[in-house]
Amino acid sequence: QVQLVESGGGLVQPGESLRLSCAASGSIFNIPGMGWYRQAPGKQRELVALITSVGHTDYSDSVKGRFTISRDNTNAAVYLQMNSLKTEDTATYYCYFLIGGRGYWGQGTQVTVSS
């Protein structure tokens, strides 16, 4: 059973930065896809960023130039560096791993951007 553990959320002011982390339990290799999604109250879950096993990345237009996704294949971990945060980035952030054709989700970590 794969479990994903997230950390790094919190309360920050507009313009500040946060770094989210997500690691899979156990020794897991060959994770074709990793990503981050977010869900704000009353809204659908949306894609934030994706990264492939060879490092190709994709971002939603709303975070391009501000967020950076990276991964550590040795430790089965994915990170999201969030800079220049805006109030509209407030949401619960979920990591996502694609392993063996099946998707796995983290438990979610709250990010609140408020002055």
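Looking at GLY55 and the list (1) surrounded by 13 or more Cβ atoms within 10 Å (Cβ to Cβ); (2) assigned to a loop (DSSP other than H, G, I, E, B); (3) not polar (S, T, N, Q), which single condition is not satisfied? Here GLY55 meets the rest and fails (1). In the stretch 75-96 there is at least one residue that is of a type in the set (S, T, N, Q) and under 14 Å from ILE51 (Cα atoms).
SER70 passes every criterion in (1) touching a Phe, Trp or Tyr at 6+ places or on another chain (Cβ under 7 Å); (2) open to solvent by less than 20 Å² (accessible area, probe 1.4 Å); (3) at pLDDT 95 or above apart from (2).
Residues in the stretch 20-52 that are within 20 Å of GLU88 (Cβ to Cβ) and either part of a loop (DSSP other than H, G, I, E, B) or at pLDDT below 95 (or both) were compared, and the one that is least open to solvent (accessible area, probe 1.4 Å) is ALA40.
Being open to solvent by less than 50 Å² (accessible area, probe 1.4 Å) and more than 30 Å from SER115 (Cα to Cα): is that true of ILE99 here? Criteria met by ILE99. Remark: pairs (first residue in the stretch 1-19, on the phi > 0 side of the Ramachandran plot and part of a loop (DSSP other than H, G, I, E, B); second residue of a type outside the set (Phe, Trp, Tyr) and open to solvent by 80 Å² or more (accessible area, probe 1.4 Å); Cβ separation under 6 Å; 6+ apart in sequence or on different chains) = GLY8/ARG19.
Here is a yes/no grid of residues against (1) more than 24 Å from VAL12 (Cα to Cα); (2) free of Cβ contacts under 8 Å to residues at least 60 places away in the same chain; (3) charged (D, E, K, R):
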residue: GLY42; (1), (2), (3): no, yes, no
residue: VAL48; (1), (2), (3): no, yes, no
residue: SER53; (1), (2), (3): yes, yes, no
residue: HIS56; (1), (2), (3): yes, yes, no
residue: SER60; (1), (2), (3): no, yes, no
residue: ALA77; (1), (2), (3): no, yes, no
residue: MET82; (1), (2), (3): no, no, no
residue: ASP89; (1), (2), (3): no, yes, yes
residue: GLN110; (1), (2), (3): no, no, no
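For the subset of the stretch 73-88 comprising residues that are open to solvent by 10 Å² or more (accessible area, probe 1.4 Å) and modelled with pLDDT of 95 or more, which member is nearest to GLU6 (Cα to Cα)?
Here the residue is TYR79.
Taking the criterion of being over 13 Å from the mean Cα position of the chain (by Cα) and modelled with pLDDT of 95 or more, the residues of the stretch 93-114 that qualify are THR112, VAL113, SER114.
The lone criterion from (1) among the polar types (S, T, N, Q); (2) farther than 18 Å from TRP105 by Cβ; (3) within 10 Å of the chain's Cα centre (by Cα) left unmet by SER21 is number (2).
The values are calculated or read from the model by the stated rules, or taken from the named source; none is laboratory data. These numbers come from a predicted model, not from an experiment. All Cβ positions, even for glycine, are placed from backbone atoms using ideal geometry, and neighbour counts span all protein chains on display. Calculation scope for accessible area: heavy atoms of the full protein, side chains included, ligands and nucleic acids excluded. Shrake-Rupley method; radii C 1.70, N 1.55, O 1.52, S 1.80 Å.
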